[in-house]
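Laboratory data are not the source of any read-out in this text; all were calculated from the coordinates shown. Here the structure is a predicted model, which is why all the values come from computation and not from measurement. Here the Cβ positions follow ideal geometry from the backbone for every residue, glycine too, while neighbour counts run over all protein chains shown.
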Amino acid sequence: MLDLHPGDEFTSEPIAAALTTTPGEVENGLDRLLTVGLITEIGAGRYRRPDVIVGGEHKQSDATRIRILSAQRAMIDWYLARTATAGRTLNPFQFSARMVHKGLGMSTFDTPAAALACSRSNTPMS
């Protein structure tokens with residue numbers, strides 16, 4: 001699943017969204033990958049994958065391609081929802097014609113500074 005993430009750095013939350021599980025469950029798996037050296041922890045709860053994990057080109061069935069696209073969409077949806085939540089915290093009076101990705105259960109931020117920090121730390125970097 002890590003090779004489907006849009007950036008080299010990640011946290012457990014978008015991976016959990018793609019796997020439809022909890023961030024805690026993903027953290028358990030990430031801890032195992034960290035122990036054997038397949039990922040590197042670059043900050044509290046933030047990881048980097050080495051280039052060797054990125055999958056190569058190979059023939060895939062339609063069902064596999066659908067699962068891959070679904071997982072990637074779930075991760076991107078998570079980032080969009082998290083960014084929208086940060087935006088609402090930073091500018092609560094801005095009119096929005098639509099709520100971005102309602103229903104993902106994003107927690108709110110206590111302060112605008114926390115929203116801005118989260119927005120910066122959750123931007124996938126390539």
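From least to most packed, judged by other beta carbons within 10 angstrom and beginning with the fewest, E25, E13 follow the order E25, E13.
Extending 7 Å from Cα along the Cβ direction at E41 and again at D110 yields two label points whose distance is 2.2 nm.
Counting neighbouring beta carbons within 10 Å and listing from fewest to most, the residues F93, F10, F109 come out as F93, F109, F10. Residues I68, I15, ranked from the fewest to the most other C-beta atoms within 10 Å, line up as I68, I15. As a calculated quantity, the FRET efficiency between R48 and Q94 at R0 = 41 Å, using C-beta atoms, amounts to about 0.75. Each other residue within a Cβ distance under 10 Å of A16 adds +1 if Lys or Arg and -1 if Asp or Glu, for a net charge of -3.
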